[in-house]
Amino acid sequence: MKDEYSNKPVIIGAIAVAVLFIYIVRLFILQMFETQYHESATSNVLRLMVQYPNRGLIYDRNNNLLVHNEAVYDVIVIPRQVKEFDTAEFCKILGIDKDYVQKQLIATRRYSRLKPSIFLKQISSYENALFVEKNYKFPGFYTQTRAIRKYPEHNSAHLLGYVGEVSDQIIKQDTSYKSGDYIGINGLERAYEHLLRGQKGVEIFLVDVHNRIKGRFKEGKYDKPAIPGLDIQISIDANLQNYGEQLMRNKLGAIIAVEPSSGEILCMVSAPSFDPNLLSGRERTSNYRMLELDSLKPLFNRALQAQYPPGSTFKLINALVGQQVNVLNPNTTYSCFGGYTVGRFHLGCHSHPSPLRLIESIAMSCNTYYCHVYRNILDHQGQINFRKNFMAWASMVKSFGLGDKLGLDFPFELPGFIPDTSFYDRRFGNKRWVSLNIISNSIGQGEILTTPLQMANMACAIANRGYYYIPHFIKKIENQDHIPEKYTTPIHTKIDPKYFPIVIEGMFQAVNGGAGSTARVARVDGLDICGKTGTAQNPHGKDHSIFIAFAPKDNPKIAVAVYVENAGFGATWSAPIASLIIERYLKGEISPSRKYLEDRILQANLIDGKASGI
Amino acid sequence: MEKRQVSNILESLDWITVGLYLLLVLMGWLNVYAAVYNEDYHSIFDISQRYGKQMLWILAAVLLIIIILLIDVKIYVFFSYFIYGFVILLLLLVLTLGVEVNASKSWFEIAGIRIQPAEFSKVATILALANYLSDPNRRLLQLKTLLTTLIIIAIPMGLILLQNDTGTAIVFVSLIFMLYREGLPGWILFLGFMAIVVSVLALTKPFIVPMAVIVIIALIYAYSISKQKDDVKHFSLGFFTIIGIFVGIKYLFSLSILLEWIVMGVILASLPLLVYYAFLKRGAKMLIIWVISISFILFSYSIDYFYDNFLQPHQKDRIDHVLGINFDPQGAGYNVHQSKIAIGSGGFWGKGFLQGTQTKFDFVPEQSTDFIFCTIGEEWGFVGSTTVIMLFLALLIRIIILAERQRSHFSRIYGYGVFSILFFHVAINIGMTIGITPVIGIPLPFFSYGGSSLWAFTILLFIFLRLDANRRFLVK
């Protein structure tokens, strides 16, 4: 027993002696013979230069460049290496004052005496050239290349979004971001941040005590090149987008156009807008504050975030639901004598021929007709089934992508609102409401709220006779064959396709019909535009003007929704704008006979002297 | 009575160890001062700086020592399981209540002071093991005893891994030395060692390196037990010539990986030949060598495969980080290089106290903690760093001597536990600063800045000295 253990202490001791002896030998070699370490220690300090990747570029559907990068330079300081220097000259080169130098030196020293921190952000390449030349006078300072975003078209600010320094909150959640990194904060820059950002790299240089770069550390063995971000192509048509921006100048509202056969968004305009370059570069923070304070809210993306009542455009949905639940057919006829009256209740209508059938009811946008239709939808199997009918109606409405976020590849989309039974139970008391209480929904003036995007999508669903694709911007990602499947899978509405042609004919007649049709101003020869006007009542002022349309009638190529705030009837402003967009997209130019219309729109100022900040 | 007991303890205390301890701690303090020396706060007693704080930790450690020595030895034995349980509880609590430092959630913060329970879990685990294994009815090689022992080690180790503190968790592996002393056969120690070497090589070096190491060790062993030594010699000669030719061709013509497969084929095919050559009286043993070698080769391949195919990216990162595979400017490879420059520039005599330029000028981020040894190397040169290593060696040997003179098994087992932990820390920590061992973030005992680690090592050592002061009596 004892024998078995007797040599173990010796073996254990021997292992310790052997290991530590090897260390001593290694130390001897390291400290006595490997002289290269003496040199690197006496004359050299390593400088890690972070290599920021080029952010991916963004192209439109015709390969026009929408966003690119421009080099700027950050001045970096390592407080411990700073020696006394000529502050006056330093300030002159960089265009800063002594107070700033003092303040920054204290602040960076407090952060870390050893680690590099940013002393001054984004100096121009000219300033950088001056600085590099005199760099030897300023030990502890050096400059590092960064890239900022440039937007050559100077518009589409909402669409493209902007980039800024990453916040502390995000750094905490995602450790791949470090303080000072840039991140897409809004728009496509945010939506495709993961593709556009690329990967940072590092280059390591040997620097002597005079702050001069002596060469690469180990011939660049430990360098890591930056991997540039992926380029993306988006579905936007830059020409159309620019044209839309022009049309909406001096107006409040939004234009959004979608290709029905794919769900690709062709243009997205929100007005008032601003130059996206304002939010790129050194002045970003002060410019942002200015935009934020502007009473017209230029930062607000109306195309996705404004929630308006759909107005009469919603009659299309009720016409489809009415057919689906068998309370309406093409021959259903109602008379209209200036409105819909039940007892003391009265809902007005404008003057038009009477009685009307389904097609004319759309073309002439009769309120009375849809009051009948809506009440029949809700009450058609007697009072007992009222709640069930209401829920069925709501569910069919929602199948058009209304009342929920559509889930497009863009941040901060809002859902709109389609009321449900519990909403009305809260408003009127449990089960104490009937169809007449909510009759405004028949003509889109009730509690329903939709965004312009949802309206454009609804137009797509109608244009496609019963299905739509989730609207999206992405068209192609560098080195990838497909875009996400979610954007290429059709979503079907709960309406049978056979009920669509009659409604579409109504929309066609609204634009191309005879007297009484509401949107004849939108007619363009040979384009077969189908459309529907709307006017959303606005408690804060003049009504909002709405128009949705698609064209051509068969194999539609474009669907569009236009909102102009406080502009009155849909036919007055929105319909012409929509028709110009369609004409421009399908024909490439505006025909001479319609130039007057274009001029009227371009010159109109609907902001009522409310000065825009920009 | 009280007085006599105190003077008894002072008389029988091992003053050699105490002296070594004090020397190391004071040297540590001076080096922390040199490592983070700041012109603006030049007093070593300035408690706003790390060196001033380290002084406070040292004073507190002296207080701890007095308390430890005054406590009756029976308490350590009697409460060992309780202490173990308490520390496990702390390890669990720190997972939810702890604060995160450097991506490890292993610290309690109370009134601005951070305590790391993982450091103290080493003491607790050794106490529990000493108590468990010193039971005369237990033999380590009984399955139940062995399993229980492993579980006692695995629980704190697992919890520390969950805190993301891989370095401290790995320290528990060192207890294999203690188990070896208490009955684990030598070949397990050897195979364990080989497994570690092979996995590290498999992950860091080309495939051929771990295989070469395996084959060479197998051949040496075969040679040592063979009756026909010439045959083994000839075989080896031929074998290495073939391998050499292949490797030469590969490097000359920089051919693809395919060649490595051919080399591996040759090795696999030739191992039975090796067995055949040496197949005389001790054939069975040769067969075992062959089987073990093959398993190691498969093992080294499967580690690579497992790493490539089954690990999540963040797990890979952690392993890469520990092994220093990926060059990360703020990470392992950079530190080691900086550390080697600092130590190498020290030369024979060093640059002198506070004269180190690398440690002042550069960014070895853990200069005062894990990489404290480079300050020693730079400022005190070969003379200084060798002195420090010799002092540690003296302490380690002294602990073995003390452990062997114990009457009670409890004290001896505990003593070997202390040896294992200290040896592992010293070997890994110094090894990583000179680029021999992987960069595992564990402190150099008594030197590295930090209260938790200083106190934990102090408690670890002085409980043993307290046990030793009582060596003439059975504590259990």
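What follows is calculated from the coordinates using simple rules that are stated; it is not laboratory data. Keep in mind that this is a model prediction, so the values were computed, not measured. Methodologically, a virtual Cβ is constructed for each residue, glycine included, from the backbone with ideal geometry; neighbour enumeration extends over all protein chains shown.
Charge tally around B:ILE401: other residues with Cβ under 15 Å, Lys/Arg +1 each, Asp/Glu -1 each, net +4.
When the chain is fully extended, how far beyond the present Cα-Cα distance does A:ASN479 get from A:ALA226, taking 0.36 nm per residue of separation? Display every interim value, and only then the final one.
Numbers: separation 253, 0.36 × 253 = 91.08 nm, distance 1.76 nm.
So the extension gain works out to 89.3 nm.
Label-to-label distance for A:LYS178 and B:SER7 is 6.4 nm, based on points extended 7 Å past Cα in the beta-carbon direction.
Listed highest first by mean packing, meaning other Cβ atoms within 10 Å per residue, what order do B:391-399, A:271-279, A:130-138 come in? Working shown, then result.
Values: B:391-399: 20.2, A:271-279: 22.1, A:130-138: 15.2.
So the order, starting with the most tightly packed, is A:271-279, B:391-399, A:130-138.
Neighbour counts of other Cβ atoms within 10 Å put A:TYR424, B:TYR223, A:TYR142 in the fewest-to-most order B:TYR223, A:TYR424, A:TYR142.
Within the set of other residues whose C-beta is less than 14 Å from the C-beta of B:PHE172, count the net charge using Lys and Arg as +1 and Asp and Glu as -1. Present the calculation step by step, with values, prior to reporting the outcome.
On the way: positive: B:LYS122; negative: B:GLU119, B:ASP165.
Summing Lys/Arg as +1 and Asp/Glu as -1 gives -1.
Here the 3J(HN,Hα) profile of region A:364-378, calculated from phi with Karplus coefficients 6.51, -1.76 and 1.60 at θ = phi - 60°, is 9, 6, 7, 5, 4, 3, 7, 5, 4, 4, 5, 5, 5, 4, 7 Hz, Gly and Pro shown as x.
Look at the stretch A:17-29: the mean tally of other chain Cβ atoms within 10 Å of its residues' Cβ atoms is 6. Peptide B:393-403 is shielded by partner chain Cβ atoms: per residue, an average of 3 of them sit within 10 Å of its Cβ.
Estimated from helical segments only, the mean residue ellipticity of chain A at 222 nm is -10000 deg cm²/dmol, where each DSSP H run of four or more residues counts as -39500 (n - 2.57). Across peptide A:350-360, the mean count of Cβ atoms from other chains lying within 10 Å of each residue's own Cβ comes to 0.
Distant-in-sequence amide contacts of A:TYR334, defined by a placed amide H-H separation under 5 Å and a gap of 5 or more residues or a different chain, comprise A:LEU356. Going by neighbour counts of Cβ atoms within 10 Å, the residues B:PHE82, B:PHE473 line up, fewest first, as B:PHE473, B:PHE82.
Considering only A:PRO139, A:SER270, B:ILE152, and ranking their Cα positions along the charge dipole of the protein assembly as shown that arises from unit charges at the beta-carbon of Lys, Arg, Asp and Glu, the one farthest toward the positive end is B:ILE152. Placing pseudo-labels 7 Å out from each Cα toward the beta carbon at A:VAL521 and A:HIS540 gives an inter-label distance of 2.3 nm. Annotation: aspartates and glutamates with alpha-carbon distance below 19 angstrom to A:LYS92 (same-chain offsets under eight excluded): A:ASP74, A:GLU84, A:GLU127, A:GLU133. Couplings 3J(HN,Hα) of region A:231-243, computed from phi: 7, 10, 10, 10, 7, 4, 9, 4, 4, 5, 4, 4, 4 Hz, in residue order, whole Hz [Karplus 6.51 cos²θ - 1.76 cosθ + 1.60, θ = phi - 60°; x for Gly and Pro].
Taking the mean number of other Cβ atoms within 10 Å as a proxy for protection, how do you rank A:331-338, A:161-168, B:29-36 from highest to lowest? Walk me through the numbers before you get to the answer.
Details: A:331-338: 14.4, A:161-168: 18.4, B:29-36: 24.2.
Most protected by this proxy first, the peptides run B:29-36, A:161-168, A:331-338.
Across chain A, the relative contact order, built from alpha-carbon pairs under 8 Å that are at least six residues apart, equals 14 percent.
Fewest Cβ neighbours within 10 Å first, please rank A:LYS398, B:LYS351 accordingly.
Ordered from fewest to most neighbouring Cβ atoms within 10 Å, A:LYS398, B:LYS351 come out as A:LYS398, B:LYS351.
Over 29 Å apart at the Cα level, from the set A:LYS137/B:LYS340; A:LYS200/A:LYS475; A:LYS178/A:LYS221; A:LYS172/A:LYS224, are A:LYS137/B:LYS340.
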